[in-house]
Every structure is written in structure tokens, then in C-alpha cells.
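Worksheet: one structure, shown below.
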Amino acid sequence: MPGACAGVSPCDNSPCLNGASCSETTTAIGYTCSCLGGFIGQNCAVDAKTVSEFTCGFETENNCVFENVDDDDFQWTYRSGSTTSGGTGPSSAYEGTQYVYTEASSPNFQGDTAVLSTVNTLLAGTSSYCLQFYLHMYGIPGTMEVKFGNRGSSSSSVWSESNDQGNQWVFHQVELPPSFTDPVIFFEATRGSSYKGDVALDLVKLSLGQCASGPSARATNPCNNGGSCNENGSAAGYYCSCMTGWSGDNCDVQDVSGNSYSCGFETDGAPCIFKDTTNDEFDWTRRTKSTPSSSTGPSSAATGDYYMYIETSSPRVIGDTAVLTTQDTNLPAGSWCLTFQYHMKGSSMGSLSVFAGDRSSSLTSIWTKSGEQVDPDLWKTATIDIPQQSNPVIMIDGIRGSSYRGDIAIDDIALNAGTCASAGK
């Protein structure tokens, strides 16, 4: 009951915003706010200026009608450049230098939500709206929703996306019906099952009236990493002019030069030409010390502190595959020597394979090991000749066996130009 305790007032917490004064009442919340001109709402938080059109490019923080809410699990964050995790998130903004995104790494968990809302802005009601935005969902995303409703009432989902859209910004538009007198719009991102689920937004536009037809290929900009899009008469409708250091149809293949590359996995997020692909059932995981399951996996790295492994416990099932690939790297032409340390201990061990070939054709298996290996507690060395190709691609596949006792680990990957001193072992 308001004022029940002497010296305690609901106004002590300063619930009235934007210079408003607070007075105690006998209502359920115990106070009322006297708003200054230009603000309305229970706590004087809503800008009384009616907005009918706006654009948010996120170049300046806190200058957008879409704002973080306080009653969700985590927040949208302003960002420039890449997000902090590999294999997810954009490498740059769609336009300008900044965008907003949800960080899917710990301490955020599956099912956590982050919400942007127009709740602090008075939108013109009783009219149709067209909401347009660019979305980046790459990796193992959760769900992105647009919700719409009346202020103070429950909102309904009017659009959602839960699929990997590739490493690119994708244009979307949502028509919002003229159903509400005091409308509020929400962007709600729900974290998926993996840290590789960063979701990003850029260039959000709201305009009165129905949506026109979608944008051209140039407007959707399928060209990544700063590439420019040029429309033409091809089946795709465009071609990309890539920035220096990038190639591929959509500028998503990094060009490298040199004759030696190595991946020791000692630093999280350190550049490695072997990367997880999204076209498999699960991912390789960076680990130190033992794997979580008994009687399988190494007790420590081959060298240093960290290695990569496949976790074969539930929800994994027999035949599930985890792939590391050089697909995103344009290796120089020629033959190569691949070496790495591998560990295959467990009564239900699956298989570890290396595939190689040219980017323009299918890859061929050139090395494989299956089942628990001799002296299973010891790390073994693989030395593999990669046949000469004009545009080589290499994949390392770990395939889950019949039970959780099938963790496969690798460490100290090295790739050197030329043939190996000895044949593959």
C-alpha cells in the first residue's frame, strides 16, 4: 500500500522521466507523473511528437526510435566491423560503419531474447505501415521476429525468420496493418542453440502506406566484404566487383598469398584457413584438457593448451558430420602438404577423413581413419599430399560413430606448398 511505511514513498525511485514531477496517490502503483510539454505516458517516457516516417542507420548511438527494452534477457549492441565470434555475424555494416546486433556467446543461453521497441515513440495510428530493414543471420541462428500491437496490450508476431541466410545482408520488408490506434513495433531476437548465432540489423526504415515491390539486386547487395553490386542480364541478375583481397561470386572467398599456414588453436578467434561450415550437422569445438565424456577424447592438447574436437554426446546421432574447410580461402594454385595431429580413442569411434579437389568440381577422399586407433591415448601424426589443383579446397570431416564414446580431436594443423617429404601415414 502506498505510504504504508513511514519515510518510504514510491516517488523516491524517481519513476517520472524527462523532468516530470512525481506525486503520491492511492492508486495501485502509488504515484502519478505530471509530464512536461513534449512527453506523455505513465512515466512521461513517450515522445508526444507523432512520428510517421523514420530511418535508423545506427551511425549514432541512441538516435533511433527503436530502443532496447528493460524486461528482456539481454541487449542489442552497437557494433562496427566483425562480431567477436568466428563463423557468425557480419564483417561490416550494410551501409556506413555501424549496425546493431545480438551477441550469442556466453552468458547468453538458448531461448534468451533481446528486444528493440518503439515503445518510447508515439507512432501515427490507424494507417498501414511499411517496415523495411537489412538482416544478417549467418551461422546457427535462433529466431528473429517482428511483432506489432497496441501500447499496453500484448503484441502479435507478424513476421519471423529462423534460417541461416548466408554470410550476407538480406533485405526484408513487412507490411503492418492499420489495426491499432496507438501502435508499437518490436524486433525480437531469440538466441539459438549455439554461440554461432549472432543476428544483426541495419538501415531500418518505416514509412506510411503499403509496401511497394521488393528492391533490385543492387538494393539487396548480395556482395560481401565491401563488394559493389552491378545489375546485368544474367540468371542471377547481378555481378559483384570485389574489394582487393576477396573473390567469388559474392566476394565471400578471401584471397591469400604465401606458402605456409598453421592453426594451433591456442587463441580463441585467431585466424585459421580451416573454418567450420554451416552445411553440416554440428561443429568442431575448441577445448582444453579432457573432453566431458569418460573413456574417449584426449586428456590434453598435442602441444600447448588447446585443440579442436567433435563432441559426440546427445543430441548427436550416428553419421552426423562436422566439417572444417578452406572453402572461404582462395589458396594459391599448386600441390600442398597437409600435416596435423589427431586423437581417436573410444569404443564407438567413427571416422576422420580428408577430402581435396578443385573449387569448381567435387572433392575426393584422399585419407581416412576409422575406429579406435592403436595406442589410443597417444596423439598420432597425419602427413598427406594434396594433389595439384588450380584452385584447391581441402576439407577435414569428423563423423560420429554409434555412441557418445567417439570424440575425435585434432591439433597443430600445418599446410605447406609442395609435396610432403614422406607419403601419407
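Which of the strands (runs of 3 or more DSSP E) contained wholly in segment 280-326 include at least 1 residues that are among the β-branched types (Val, Ile, Thr), modelled with pLDDT under 95 and surrounded by fewer than 23 Cβ atoms within 10 Å (Cβ to Cβ)?
Numbers: elements: 285-288, 306-310, 321-325.
By residue number, 285-288, 321-325.
Given the residues Tyr404, Tyr309, which is the only one that is touching a Phe, Trp or Tyr at 6+ places or on another chain (Cβ under 8 Å) and assigned by TED's automatic domain parsing to the domain that holds Gly269? Break it down into steps so the answer makes sense when it comes.
Values: Tyr404 fails: touching a Phe, Trp or Tyr at 6+ places or on another chain (Cβ under 8 Å).
Unique residue meeting the criteria: Tyr309.
The numbered conditions (1) within 30 Å of the chain's Cα centre (by Cα); (2) touching a residue at least 24 places away in the same chain (Cβ under 8 Å); (3) closer than 30 Å to Ser260 by Cα are all true for Ser293 except (3).
Summed over segment 243-279, residues that are modelled with pLDDT of 85 or more, surrounded by 14 or more Cβ atoms within 10 Å (Cβ to Cβ) and in a strand (DSSP E or B) total 4. Answer yes if at least one residue in segment 358-381 is under 28 Å from the mean Cα position of the chain (by Cα), surrounded by fewer than 20 Cβ atoms within 10 Å (Cβ to Cβ), assigned to a strand (DSSP E or B) and not basic (Lys, Arg), and no otherwise. Taking every residue of segment 358-381 in turn, none turns out to be under 28 Å from the mean Cα position of the chain (by Cα), surrounded by fewer than 20 Cβ atoms within 10 Å (Cβ to Cβ), assigned to a strand (DSSP E or B) and not basic (Lys, Arg).
Out of everything in segment 122-131 that is surrounded by fewer than 20 Cβ atoms within 10 Å (Cβ to Cβ) and under 20 Å from Thr55 (Cβ atoms), what residue ends up being nearest to the chain's Cα centre (by Cα)? The residue in question is Cys130. Going by what's in this entry, would Lys205 be described as at pLDDT 85 or above and either under 20 Å from Arg79 (Cα atoms) or buried (at least 21 other Cβ atoms within 10 Å of the Cβ) (or both)? Yes.
Report yes if Ser353 is at pLDDT 95 or above, in a strand (DSSP E or B) and under 26 Å from Gly418 (Cβ atoms), otherwise no. Walk me through how you get there before you give the answer.
Numbers: at pLDDT 95 or above: yes; in a strand (DSSP E or B): yes; under 26 Å from Gly418 (Cβ atoms): yes.
So Ser353 fits the description; yes.
Might you check whether a residue that is modelled with pLDDT of 90 or more and under 24 Å from Asn279 (Cβ atoms) occurs anywhere in segment 110-133? Checked segment 110-133: at least one residue is modelled with pLDDT of 90 or more and under 24 Å from Asn279 (Cβ atoms).
The values are calculated or read from the model by the stated rules, or taken from the named source; none is laboratory data. Because the structure is a prediction, the values reported are computed rather than measured. Glycine gets a Cβ as well: all are built from the backbone with ideal geometry, and neighbour counts include every protein chain shown.
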